[in-house]
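Undergrad: Before I ask anything, let me first share the structure, which is written out below as structure tokens.
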Amino acid sequence: IGCKAFVTADGDLDITVQPKKHEDDEHMDTSNEDQKVEIKEDPVQLSIFAHRFMGIAEQMGRTLARTAISVNIKERLDFSCAL
């Protein structure tokens, strides 16, 4: 799978996933919707994205705790109230 990720000017993470093209694709009938695509995990990329998403979630939590009015969120750090 070809994945491309970049950080936008707003600080958002934009990820584009495109299926891998094979040499046989031009000869195959693409109208069959039942074809399965095999996805192989890359442990390095998985670790990079896991840490990136964790960092984003922690940053969201710090911002919520700093700007919250509710005592549950501000003092007890109970972020489930925000959902």
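Computed from the coordinates by the stated procedures, all read-outs in this text should not be read as laboratory data. This structure is a prediction, so every number in the text was calculated from the model and none was measured. All Cβ positions, glycine included, derive from the backbone under ideal geometry; neighbour counts span all protein chains shown.
Undergrad: In what sequence, highest mean first, do 49-60, 7-18 appear when ranked by Cβ atoms within 10 angstrom?
TA: Highest mean packing first, the order is 49-60, 7-18.
Undergrad: Can you give the FRET efficiency to the nearest 0.05 for GLU58 and LEU13, using r as the Cβ-Cβ distance and R₀ = 22 Å? Before the final figure, lay out each step's value.
TA: On the way: r = 14 Å, r/R0 = 0.64.
With a Förster radius of 22 Å, E is 0.95.
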